[in-house]
1. Residue check, T235 against (1) out of contact with any helix residue (DSSP H, G or I) (no Cβ under 6 Å at 6 or more places or on another chain); (2) touching a residue at least 40 places away in the same chain (Cβ under 8 Å); (3) surrounded by fewer than 24 Cβ atoms within 10 Å (Cβ to Cβ), all met but one. Which one?
2. Residues that are assigned to a loop (DSSP other than H, G, I, E, B), in contact with a Lys or Arg (Cβ under 6 Å, 6 or more places away or on another chain) and of a type outside the set (S, T, N, Q): does region 211-221 have at least one?
3. Determine whether region 186-205 contains at least one residue that is closer than 24 Å to D291 by Cβ and either at pLDDT below 95 or of a type in the set (G, A, S) (or both).
4. Scanning for something out of contact with any His (no Cβ under 6 Å at 6 or more places or on another chain) and under 16 Å from P310 (Cα atoms), does region 232-252 turn up at least one residue?
5. Regarding I266, is this residue in a strand (DSSP E or B), touching a strand residue (DSSP E or B) at 6+ places or on another chain (Cβ under 8 Å) and buried (at least 20 other Cβ atoms within 10 Å of the Cβ)?
6. Within region 199-215, how many residues turn out to be in contact (Cβ under 8 Å) with a residue 60 or more places away in the chain and surrounded by 24 or more Cβ atoms within 10 Å (Cβ to Cβ)?
7. What is the residue count in region 231-257 for residues that are part of a loop (DSSP other than H, G, I, E, B) and either among the polar types (S, T, N, Q) or at pLDDT 95 or above (or both)?
Amino acid sequence: MPSSRRRSKSRPPSRFQPGRPQPADRSAGNPAAASAGQAGRFPSDSDREPGASAASAAGGGPGPSAAAGTATPRAGGSDAASRRAERARQRGTRRSRQPSKRPFLERYRTRILSAVVAVAVIAFGAYAYVQATAPAYACETEWTATATPTPGPSQSPQLGYAQGDMGRDHVAVGTVVKYLYCPPASGKHYNQPPLGPIQPKVYGPNDHPVPEGWVHNLEHGALVVLYKCPSDACTDAGQSALNTFYQGFPNSPVCDVPPGIIGPVIARFDDMNYPVVALVWDHILPLQSFDQAQIMAFYDQVGERSNPEPQGNCANPSASPGESVVPAASDAAPTDVPSEAAPSPAGS
């Protein structure tokens, strides 16, 4: 008995805890070991389940736990694993939602490029609009006729007025020239056909040939007739009269140049104080309406006499015409100096 108490005191405490899986009964199937070691082993399933011990003693084999040979699954284990997986998934989701740490230019490259393209398009459109609406020339003064001395008894009345010479330099196409007088009877001009000199013809109200073009025609001896809108010349009847005038235009008075080579040029020009103006180099004839007879008399009298570059080998009879006077009647005797026809103007 004493030894039995000491053995029972030294026996380790039971590890059985409700709800935890217990090791399989190693004495299952061995009745001798089971009866001999009842005092020194852990409680078995047969101790906890009397029905199972009875079945074992009757030869029916071990109980349910011993037959399985494995531990009973821990209650709630699958739920804990699911919770761990869910927490891991949530952590990954939070990481994916954190703002990107890429460089600024890389993150906003598309937006920056779109903004740059938009600014470039707007700038180009503004430049094109300014270029399209900017004037191609400028006028310091709109020329006005002034009183001139009356010719003496032995002088022939001279039609039109002399206009101060403004030079004849060539400028690049697109250059905006500022003329001292408008309309100009001289001045800087383009030297690139057909922009200067321009094609001789009747230009309608919706055409806008610039003076840098037709001033080059004047330099070679052409007659240029300008009309202002609104005026009678801008109407259908007025345009018909201008076309009739062009179709019946004769050869030039000095060099006998056929029409259509360098002149006449008939075009709209609004920056002037008169409805109609006829021009030759350094000379101007202002009119209140289109007057074909007056214009032809003016051209016969002063045409091809002051232009610095005659056609072909044709020489000007007078490089310095006398002072003009108040316009007289159109029956003034024109100067008639026959000469050979000349070719089209050279690029000068």
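The values are calculated or read from the model by the stated rules, or taken from the named source; none is laboratory data. Values in this document were obtained by computation on a predicted structure and should not be read as measured data. So basically every Cβ, Gly included, is an ideal-geometry build from the backbone, and we count neighbours across all protein chains shown.
1. Unmet condition: (2).
2. no
3. Yes, that holds for at least one residue.
4. Looking for residues that are out of contact with any His (no Cβ under 6 Å at 6 or more places or on another chain) and under 16 Å from P310 (Cα atoms), one finds at least one in region 232-252, hence yes.
5. Criteria met by I266.
6. 2
7. Residues in region 231-257 being part of a loop (DSSP other than H, G, I, E, B) and either among the polar types (S, T, N, Q) or at pLDDT 95 or above (or both): 7 in total.
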